[in-house]
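K.L.:
Quick one: structure below, then a few questions.
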């Protein structure tokens, strides 16, 4: 698949979306919205030598219709005219039996803002199964060659490319295209009966070499074989590597910045616009137009242009993210923050979601941040439990399998798994420095950072 083919697919999807609007109107819908997507996924996984390849295309349509203040939704795989007509009828049937939504006014209106899709690399679009297999082989080979103590490995590469189109009866019409590749490994090192893990991954819109991913993961695991128990609990400073803090940042800020959560009293940021909610060095954007961002598209899944929304500026809360439903409640415009669940987005209705969370970086790399800390803990690699945090209150407790003791600015011995607990929103105010090492992740473009006064035990 090359760019011209993806352009052709996008044009076809746009035509199908417009056809769906006509079909829904003929079925009696007062308003309608049609979402059509075509996503091709190539997945090659490896588990200690055993390789599994999967490739397929997810193609389907999801239709929302409005009857008064009743909203119905139906979806199906396949996008021929018969499938679209059948789905429109099912959506109308669902709407008839749905309860009234007193807050519903109408579907989204067009928003005129310049926007574009993220970076489109023809090398990613043209990446073949054979090419991907070679990269997966390299992932495995470099890991096992790094050190004979590497005994088990799970990893692989996923390539996704596709397009979606959305249109509604209020003259919204748009389409977006994208392609990206991600590769990573999770492996185990064993010595004298002791087992430790390490991981490394790269997610990108540009084709890169994955040759050092396996060796970096191996290096992480081997370092942890010398780990020692902390044997105490303390309130201390934590230096978070970018990949370790990214999931917690995304989960918490997405929940707190979600306008619908604010309206329903489920957000920590409710009634805090214009107030200081973080350290003065902390600035966070939701940047739906970041060229290299994994979630950068021309329009969101309601057909509204993606944009850059200022969430927190120098510690002060500046804004929330909106879909059309939440924006209409406040007589505002959507921020282009409507998302659906990939790789089959046509199966779900839109939810509010950050696109690419971007933190303003500082001047020091991870080593530079560590040298600032007299006493504390460095947390690297992944942490476990971020998804179980209380996203409303901010209370969290995570386990860090790859942590190190810091003494007088030097990284000392690795630690057996430690538990780190605190209140995320209080910790935002306790950020003392932010790194220069921003990394593209599923959360966005995230640097390492330092938080003080967290509970660490192990």
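K.L.:
Of the residues that make up the range 81-103, is at least one under 23 Å from the mean Cα position of the chain (by Cα) and over 30 Å from residue 153 (Cα atoms)?
P.N.:
Taking every residue of the range 81-103 in turn, none turns out to be under 23 Å from the mean Cα position of the chain (by Cα) and over 30 Å from residue 153 (Cα atoms).
Yes/no per residue for (1) assigned by TED's automatic domain parsing to the domain that holds residue 320; (2) part of a loop (DSSP other than H, G, I, E, B); (3) closer than 30 Å to residue 265 by Cβ; (4) free of Cβ contacts under 8 Å to residues at least 40 places away in the same chain:
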residue	(1), (2), (3), (4)
354	yes, yes, yes, no
370	yes, no, no, no
373	yes, yes, no, no
381	yes, yes, no, no
390	yes, yes, yes, yes
393	yes, yes, yes, no
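K.L.:
Let me ask something else about it. Quick one: residue 253 ticks every box in (1) under 30 Å from residue 39 (Cβ atoms); (2) assigned by TED's automatic domain parsing to the domain that holds residue 161 bar one, so which box is it?
P.N.:
Status for residue 253: all satisfied but (2).
K.L.:
Of everything in the range 148-171, what is touching a helix residue (DSSP H, G or I) at 6+ places or on another chain (Cβ under 9 Å), closer than 22 Å to residue 63 by Cα and not in a strand (DSSP E or B)? Give them in sequence order.
P.N.:
The answer is 169, and nothing else.
K.L.:
Does the range 63-74 contain any residue that is at pLDDT 95 or above and within 24 Å of residue 6 (Cβ to Cβ)?
P.N.:
Yes, the range 63-74 contains at least one residue that is at pLDDT 95 or above and within 24 Å of residue 6 (Cβ to Cβ).
K.L.:
Those residues that are over 19 Å from residue 348 (Cα atoms) and either free of Cβ contacts under 8 Å to residues at least 24 places away in the same chain or crowded, with 24+ Cβ neighbours inside 10 Å (or both), I need them from the range 297-310; list them, please.
P.N.:
306, 308
The values are calculated or read from the model by the stated rules, or taken from the named source; none is laboratory data. Nothing here was measured: the structure is a model prediction, and the numbers come from that model. Reconstructed Cβ throughout: ideal geometry from the backbone, glycine too, with neighbour counts over all protein chains shown.
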